[in-house]
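Read the structure below first, then the notes.
The values are calculated or read from the model by the stated rules, or taken from the named source; none is laboratory data. These numbers were taken from a predicted model, which means no experiment stands behind them. Neighbour counts run over all protein chains shown; Cβ positions are idealised from the backbone, glycine included. These accessible areas exclude ligands, DNA and RNA; they are computed on the full protein's heavy atoms, side chains included. Shrake-Rupley method; radii C 1.70, N 1.55, O 1.52, S 1.80 Å.
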Amino acid sequence: MQRTRSGSGTVWEKSVGYSRAIRVGNLIEVSGTTAIENDKVVGVENPAEQTRFVLEKIEAALNQLDATMDDVVRTRMYVTDISQWEEIGKVHGEFFSSVQPAATMVEVSKLIRPELLVEIEVTAWTTGQD
């Protein structure tokens, strides 16, 4: 089966050896995505803004692989403060209210930078190409 990759151009993709997203057949996996743009954290101290930025980055990666947010079947959210779940969940709902994928949100002790509050990864299934 053909393997198609989507990249965001960060230096970490090459040095760490990963893809922003990868498609194999109808399955798409999007790597853990955070609110970093041009080496700066977006939405410092604002979990809703970080969540929105992350989901927009995920949407762009899916689009590069001929998929949309409607194709998402699973989300995994890693948050550094579970008490912010409603703010994060509300934004998640804005993107997925009609799709309602299986979803997990767990609290982690920290992410790769202390200003990061949210990291999200998704799984999508689509028939847009094969």
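Summary table
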item	result
Full-stretch length increase - Lys40, Ala102 - with 0.36 nm per residue and alpha-carbon distance subtracted	19.3 nm
With every protein chain in place, the chain: carbon and sulfur % of accessible area (1.4 Å)	48 percent
Cα-projected label distance for Gln2 with Lys90, points at 7 Å along beta-carbon direction, nm	4.3 nm
Derived scalar couplings ³J(HN,Hα) [region 74-79; Karplus, 6.51 cos²θ - 1.76 cosθ + 1.60; whole Hz; x for Gly, Pro]	8, 10, 10, 10, 10, 10
With all protein chains modelled, accessible area of Met105 [1.4 Å, Å²]	50 Å²
Rounded to 10°, Cα long-axis angle of helix 47-64 versus longest principal axis of the chain	10 degrees
R0 of 30 Å, Cβ-Cβ distance Ile112-Thr68: FRET efficiency to nearest 0.05	0.60
Probe 1.4 Å, accessible area per residue of region 57-130, Å²	55 Å²
Protein-only accessible surface order, largest first, of Arg23, Arg74, Arg3 at 1.4 Å	Arg3, Arg74, Arg23
